[in-house]
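Input: a single structure, listed below in structure tokens.
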Amino acid sequence: MTRAQYANLSRPFRKSKRLRQVLVYTDLILTGLVYLSYPVLLCVLFFTKDVRLWRCFFVPFVSFLAVSGLRKLINAERPYEKWQFRSILNKETHGESFPSRHVFSVFVIALAFYYTCVPVGIVLTVFGLILAAVRVLGGVHFPRDVLAGAGIGILAGVLGFFVL
């Protein structure tokens with residue numbers, strides 16, 4: 001993605017306060033819903049003495065640590081750093097853009113739900129797709145960042161929940 005392509009893509013959100021708010025609140029709400037759903041899943045599995053609890057805890061935990069380490073190692077610039085603009089989502093972090101940890105987290109959590117409750121997994125997958133678009137439109141990630149985050153989340157989930 002070039003600066004001009006990003007400018008064209010984000011122009012409607014930069015021009016309209018209402019659209020900016022929709023983008024910001026969509027990011028906050030979807031992130032919050034996913035991050036709240038995960039401890040609820042763990043609690044339900046714990047209180048029902050479901051043996052899937054440990055896998056649902058360790059697969060996201062270990063893969064989250066791995067993705068966090070990878071981000072530090074690569075330390076890729078964010079769009080707003082590379083092109084010197086203010087992001088719509090008002091993020092000021094420097095580097096660690098690749099892969100997107102938000103998108104990774106949504107997808108690995110969605111796979112935890114596919115493993116335990118398929119309908120919720122489907123809903124969270126849709127949330128993940130929307131969140132990936134929001135993170136790019138908001139100027140905090142490049143498309144490659146969210147694609148890699150989704151891919152690694154799906155791969156970690158499939159391997160951790162269904163293969164190993």
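The values are calculated or read from the model by the stated rules, or taken from the named source; none is laboratory data. Please read these numbers as outputs of a predicted model, since none were measured by experiment. All Cβ positions, glycine included, derive from the backbone under ideal geometry; neighbour counts span all protein chains shown. Heads up: the accessible areas ignore ligands, DNA and RNA and are worked out on the full protein's heavy atoms, side chains in. Shrake-Rupley method; radii C 1.70, N 1.55, O 1.52, S 1.80 Å.
Considering (1) in a loop (DSSP other than H, G, I, E, B); (2) under 17 Å from the mean Cα position of the chain (by Cα); (3) farther than 30 Å from Val163 by Cα, say which one Ser97 fails and leave the rest. Result: Ser97 fails condition (3) only. Pairs are defined by a Cβ separation below 6 Å, a sequence spacing of at least 6 or placement on different chains, a first member in segment 90-104 that is of a type in the set (S, T, N, Q), and a second member that is surrounded by 24 or more Cβ atoms within 10 Å (Cβ to Cβ) and modelled with pLDDT of 95 or more; the pairs so defined are Ser97/His141; Ser97/Asp145; Ser100/Arg135; Ser100/His141; Ser100/Asp145; Ser100/Val146; Ser100/Gly149.
When the residues of segment 1-36 are narrowed to those that are of a type in the set (Ser, Thr, Tyr) and part of a helix (DSSP H, G or I), which ends up nearest to Pro143 (Cα to Cα)? Once the filter is applied, the top-ranked residue is Tyr6. Of the candidates Phe127, Phe113, Phe162, the single residue that is open to solvent by 30 Å² or more (accessible area, probe 1.4 Å), in contact with a helix residue (DSSP H, G or I) (Cβ under 6 Å, 6 or more places away or on another chain) and either assigned to a helix (DSSP H, G or I) or modelled with pLDDT of 95 or more (or both) is Phe127.
Just to be sure before I move on: is Pro39 assigned to a helix (DSSP H, G or I), open to solvent by less than 80 Å² (accessible area, probe 1.4 Å) and out of contact with any helix residue (DSSP H, G or I) (no Cβ under 8 Å at 6 or more places or on another chain) in the structure I sent? Spelling it out, Pro39 is indeed assigned to a helix (DSSP H, G or I), open to solvent by less than 80 Å² (accessible area, probe 1.4 Å) and out of contact with any helix residue (DSSP H, G or I) (no Cβ under 8 Å at 6 or more places or on another chain). Only residues that are touching a residue at least 24 places away in the same chain (Cβ under 8 Å) and under 15 Å from Leu33 (Cα atoms) were counted across segment 113-131, and they come to 7.
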